[in-house]
Structures are given as structure tokens and as C-alpha cells.
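Presented below is the structure to which this report refers.
Coordinate-derived values only; no laboratory data. This one's a predicted model, so the numbers in the text were calculated from it and none came from an experiment. Virtual Cβ from ideal backbone geometry, glycine too; neighbours counted across all protein chains shown.
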Amino acid sequence: MSNVIEFLEKLGSDARLFQGAKDEIALALADAKIEATAGEAILARNVEELHALLKVVPLCCFQTVPRRPDEEEEEEEQEGEEGEESETDAPPSKPSKKA
């Protein structure tokens with residue numbers, strides 16, 4: 001597994017290799033002594049298969065900052081003011097004419 005990780009690190013840091021033809025990458029895989037199944041997954045750029053072979057789960061994390069209570073009140077006040085303005089700024093409705 002460490003050979004695969006080292007190869008992926010090398011692949012990511014070497015733009016010429018990363019953009020290279022599959023033959024060049026295959027030669028580099030052979031030089032790094034990567035298993036055939038992992039090498040095939042790398043050549044095919046099959047991330048899911050590579051995750052399965054390495055027995056890793058992709059990690060995705062994000063963090064949000066909760067709003068402060070006073071921010072929520074200010075936002076509600078602004079929305080209320082916008083709603084009032086739109087009602088007063090709207091042109092008066094015209095009565096419909098029925099023939």
C-alpha cells in the first residue's frame with residue numbers, strides 16, 4: 001500500500017508524468033513495483049476501485065459557523081423592511097374592465 005501512496009504522490013507532483021501517455025505511466029508503475037490491480041486502477045483513473053483496493057474511505061469534512069442570535073434578529077428586521085417597501089413601492093392595481 002505504501003508503494004501505491006508514494007507513487008500517487010509522485011504522480012501528483014510531477015506534471016509531466018501526470019499529463020503523460022498511459023505508456024509512460026505504465027512504465028513508472030512497473031518501476032515502482034505497483035501491483036497489477038492497483039496499476040490498472042491508476043491507469044484507468046478509477047478512484048472507487050483504488051479506494052476499495054487500498055481499503056480507504058474518502059474523507060469529506062466542512063465546518064460552518066453558527067449565527068449569533070443578534071444576527072438572526074437583524075436579518076429578520078431587514079427582511080421585514082424589504083417586504084414593507086415592496087408593498088408601498090408597488091404600483092396601485094388597476095380595476096379590471098368587464099365588457
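Structural remarks
- Rounded if a/c under 1.5, otherwise prolate or oblate - segment 2-54, Cα gyration tensor axes: rounded
- Taking all Cα pairs closer than 8 Å and separated by 6 or more residues, the relative contact order of segment 1-64 comes to 26 percent.
- Relative exposure of PHE7, PHE18, judged by other C-beta atoms within 10 Å (fewest first): PHE18, PHE7
- For segment 26-34, the Karplus equation 6.51 cos²θ - 1.76 cosθ + 1.60, evaluated at θ = phi - 60°, returns couplings of 4, 5, 5, 5, 5, 5, 7, 6, 8 Hz by residue, with Gly and Pro reported as x.
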